[in-house]
1. How do ASP178, ASP294 rank when sorted from fewest to most other Cβ atoms within 10 Å of their own Cβ?
2. Got a sec? How would ASP275, ASP133 order by Cβ neighbour count within 10 Å, fewest to most?
3. If you plug each phi of the range 182-190 into the Karplus form 6.51 cos²θ - 1.76 cosθ + 1.60 with θ = phi - 60°, what whole-Hz ³J(HN,Hα) values come out, in order, with x for Gly and Pro?
4. What ranking, highest mean first, results for peptides 205-215, 182-192 when packing means the other Cβ atoms within 10 Å averaged over each residue?
5. List, in order, the whole-Hz ³J(HN,Hα) value for each residue of the range 98-104 obtained from phi through the Karplus relation with A = 6.51, B = -1.76, C = 1.60 and θ = phi - 60°; use x for Gly and Pro.
6. Calculate for the chain the 222 nm mean residue ellipticity that helices alone would give, adding -39,500 (n - 2.57) per DSSP H run of length 4 or more and normalising by residue count, nearest 500 deg cm²/dmol.
7. Select from ALA152, ALA240, ALA296 the residue whose mean-square fluctuation is largest in a Gaussian network model of the chain (Cα-Cα springs shorter than 10 Å).
8. Antiparallel as a % of all DSSP beta bridges within the range 12-299, to the nearest 5?
Amino acid sequence: MPSQPITAAAAGTWTLAGRTVHRMGFGSMRITANPDRELAVSVLRRAVELGVNHIDTAAFYFSPGGILRVGSGPTRYATELIREALSPYPEDLLIATKVGPGVDPVTGAYTDATSAAELRAQVEENLRRLGRDHLDLVNLRIVKRPGRDSVAERFGALAQLRDAGLIRHLGLSNVRLDHVDEAAAIAPVACVQNSYALDNNRKDDALLRTCGERGIAFVPFFAIAGARREEGAGTDHDEAVRAVASAHGVTPHQVRLAWTLYQGPHVLAIPGTGDPHHLEQNIAASALRLTANDLATLDADRHFHGRVA
């Protein structure tokens, strides 16, 4: 008899935006690049079957290319795929989305919403494509520009939409600690979502720790891809990752996800894929238990300020 697949419940839980979610979630960016719409829908449904109840998305996740790109062929929006696959939505499902970046669907020109009107338009687009009357969690994604990247005006505009009932909870993406402090003076910050991985952007170790101390979820994206970012998972894993993977009989990608979860009980993983097999592998990483020696091996010679237990 075949063994039952590992579910996201093996990762444990955290309270995000007032909801109890499994710490292994799903990022929807990559499903839009799948030319097979039915397969993309089936991956989303399978994720929920395997216990995922935290899905990350954005209105600017669409095909071709998955994110911020326009080309020939039919356009598939991640938010619309989520609606097709999962509506009516399970009661325990939390959908987190992002506003700020955008792209003109005709010209492909990059845009960045800065005014209250532009942000409201993006919120309404998310509502429309997801088929919701409110958004569970909206992360303000910013482009960091030293000297002129205050989040106060934009976060304040989203706080007004929260007060109006269009949004339940707010978060931040691609930010520093000073942004978190600035936003927290306006409204509660439910999560911080930054690019972060075993071997990428480790300057955020201190931010990760501070979020834990404040009860704020830290949600890394590109935890598998690392510095490759939108290019996706590669095969050029370093010797330490390969050694730990070999010792446990798992893939290097699973080791990277497990390491992510070991950075603190408030750290939530959101790996994305359009492949059903990779989905099951990612979720199975929830049950991978790393030893103290494994963690020391993985963190050796990396420049950072200390691991969070």
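No lab work stands behind these numbers, since they all come straight from the coordinates. Bear in mind that the values here come from a model prediction, so they are computed numbers and not experimental data. Cβ atoms come from the backbone with ideal geometry, glycine included; neighbour counts cover every protein chain shown.
1. ASP178, ASP294
2. Taking fewest neighbouring Cβ atoms as first place, the list is ASP133, ASP275.
3. With the stated coefficients, the range 182-190 comes to 5, 5, 5, 6, 9, 7, x, 9, 7 Hz.
4. Answer by packing, highest mean first, reads 182-192, 205-215.
5. 10, 10, x, x, x, 8, 6
6. Helices in the chain give a 222 nm mean residue ellipticity of -10000 deg cm²/dmol.
7. Looking only at ALA152, ALA240, ALA296, the largest GNM fluctuation is found for ALA296.
8. 30 percent
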